[in-house]
Structure formats: C-alpha cells, structure tokens
C-alpha cells in the first residue's frame with residue numbers, strides 16, 4: 001500500500017494495483033473564503049498540479065460535500081466518468097455535477113477485490129452537528145494489504161472507539177487539526193489524537209488535514225510536540241508533509 005498526502009484531506013492511495021483519490025480539494029491558495037477572518041483558504045498551494053494528482057486515478061471517494069473535501073475546481077476537473085463513492089444523501093448533488101457513476105456507501109462495496117465499509121462519524125458534538133451536517137468514515141480492506149480505517153472529519157466519541165475496538169485496523173487516518181466552528185471542536189485535536197493512538201496500541205496512526213485551513217487550532221509542530229510529551233512515539237503517530245508518500249505494509253507497529 002502506498003499513501004500520498006496531497007493537502008488537507010486529499011489523499012492518493014495505491015492498493016492492490018489500483019489508484020484511489022480521496023476528497024479532492026484543488027482550489028488554489030487563497031481562492032476560498034476565510035472561515036474565521038484570519039486568512040483566505042486554503043493557506044497553502046497544492047504540492048502537485050491537478051493533472052499530476054489525477055494521473056492514474058481509477059476511483060474517487062468523497063466523504064462529504066464541504067468545499068475543503070470536494071471543491072468546485074475538483075468538481076470541474078475530476079473526470080466525470082470515473083466511479084465515485086459518496087455518503088448516502090450526497091449522490092444526487094454529485095450527479096448534478098454531471099458525474100455518471102455515483103454509488104452511495106450505505107454499508108459495503110466490493111470493488112476489484114477491495115472492500116469499502118461505511119463507518120460512523122460526527123463533525124463535532126451537540127448543536128454544532130446541525131451546522132456541519134452528516135459525514136462518514138470508511139474502512140478499506142484487501143488481501144495482503146494492511147487494513148485501513150479513515151476516520152474523516154470527526155471528533156473522538158464512542159462510535160469511533162467502537163470501530164477501532166471491533167475492527168482493529170492496522171492503519172488509522174485522522175484529522176487532528178483541532179478545527180473549530182463558532183468555538184466548538186469539529187475535528188479531533190492533539191489530545192484526541194493521543195487518545196486514538198492509545199486506543200489502538202498496535203496500529204500506525206496518520207495525521208492529515210493539517211496546516212491547510214484557517215479554522216484549525218493545532219499545527220503539525222504542535223501535534224508532534226504534544227504527542228511526544230504524552231508518550232506517543234513518532235514511529236506510531238505519523239505526521240506527513242503535503243506531497244509526502246508513505247509506504248505501508250501489513251503488520252503491527
């Protein structure tokens with residue numbers, strides 16, 4: 001398995017000889033509105049051109065329709081014929097962008113020997129969830145590949161803990177940038193990243209969705225410092241830079 005972080009939640013995953021693009025966000029630096037008044041988003045440029053990112057892609061996953069996960073630039077540039085997996089309820093909107101092969105992940109999808117299973121997520125807790133809307137995570141499994149759990153835009157709450165306990169993933173991808181909306185935490189933060197690592201002592205945890213948006217409150221450096229201070233080794237909590245590629249093999253940390 002090969003995983004390349006592009007920017008924010010945008011990932012390019014190579015698994016079982018197939019190439020999957022997750023949550024394409026192609027907007028140029030500063031071309032989207034600020035969430036907080038601090039700075040226009042995104043805060044950084046992509047590390048590669050959209051053409052390079054799209055090269056070889058055979059499947060697209062869109063976890064939810066927030067613009068930092070599927071923006072108008074990506075909606076226009078991602079080839080409309082590519083199969084696209086989304087959360088239930090988003091399929092009609094995505095089809096309105098002229099995508100022709102859209103499948104909601106209601107439970108399980110098997111695709112070329114790769115299994116996708118929908119997982120619960122909560123984009124915050126309490127009233128802010130009404131503002132954020134529904135989100136999903138997913139598990140990816142394939143023969144002779146490490147099992148992967150992409151938690152997505154969620155805080156750490158009992159459903160996430162149950163997924164980790166029940167599925168025992170070898171790789172967990174989280175978004176611990178500490179994003180806040182009107183003061184409410186809407187993604188994991190450094191404390192929850194450490195707690196996730198402790199829930200899965202045999203897993204590699206990968207932190208993405210970092211240093212990209214102005215409503216984040218935790219930087220890569222801050223996460224690295226906090227996790228080290230709280231006993232999580234950098235070999236177990238990986239914090240890749242934009243454009244970095246990780247080689248991931250089966251087997252526990």
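Among 50-60, 193-203, 20-30, 6-16, how do they line up by average Cβ neighbours within 10 Å per residue, starting with the highest? All intermediate terms of the calculation are to be shown ahead of the outcome.
Numbers: 50-60: 15.8, 193-203: 18.8, 20-30: 20.5, 6-16: 22.6.
Ranking the peptides 50-60, 193-203, 20-30, 6-16 by packing returns 6-16, 20-30, 193-203, 50-60.
Considering only 150, 181, 111, give the residue with the highest GNM mean-square fluctuation for the chain, with springs between Cα atoms whenever their separation is below 10 Å.
It is 111.
Please compute the contact order of the stretch 139-229 in relative form: average sequence separation of alpha-carbon pairs under 8 Å and at least six residues apart, divided by the residue count, as a percent. Each step should come with its number before you reach the end.
On the way: 163 pairs, mean separation 25.0, N = 91.
After rounding, I find 28 percent.
Pick out which of 175, 123, 81 has the largest mean-square fluctuation in a Gaussian network model of the chain, springs linking Cα atoms closer than 10 Å.
Per the Cα network of the chain with a 10 Å cutoff, 81 tops the list.
State, as an integer percentage, the relative contact order of the stretch 2-247 based on alpha-carbon contacts under 8 Å between residues 6 or more apart.
Working: 564 pairs, mean separation 44.6, N = 246.
Value for the stretch 2-247: 18 percent.
In which sequence would 31, 63 go, from the one with the fewest C-beta neighbours within 10 Å to the one with the most?
31, 63
Among DSSP bridges having both ends in the stretch 134-253, what percentage is antiparallel? Round to the nearest 5.
35 percent
Under a point spin-label approximation (7 Å from Cα along Cα-to-Cβ), what is the residue 235-residue 181 distance to one decimal in nm?
Those two pseudo-labels are separated by 3.9 nm.
I want the antiparallel fraction of DSSP beta bridges within the chain, as a percent rounded to 5. Before the final figure, lay out each step's value.
On the way: 29 of 48 bridges.
Here the share of antiparallel DSSP bridges comes out near 60 percent.
In Å and whole numbers, how far do the C-alpha atoms of the stretch 77-121 stretch along each principal axis, longest first?
25, 24, 13
Can you give the helix-only mean residue ellipticity at 222 nm for the chain, where every DSSP H stretch with n ≥ 4 adds -39500 (n - 2.57) and the sum goes over all residues, rounded to the nearest 500 deg cm²/dmol?
-5000 deg cm²/dmol
The stretch 1-75 to the stretch 106-148: how many Å between their Cα centroids?
If we compute the Cα centre of each part, the gap is 17 Å.
Where a number appears in this text, it was derived from the coordinates with a stated rule and is not lab data. Just so you know, these numbers come straight off a predicted model, no measurement behind them. Note: ideal-geometry Cβ built from the backbone for every residue, glycine included; neighbour counts use all protein chains shown.
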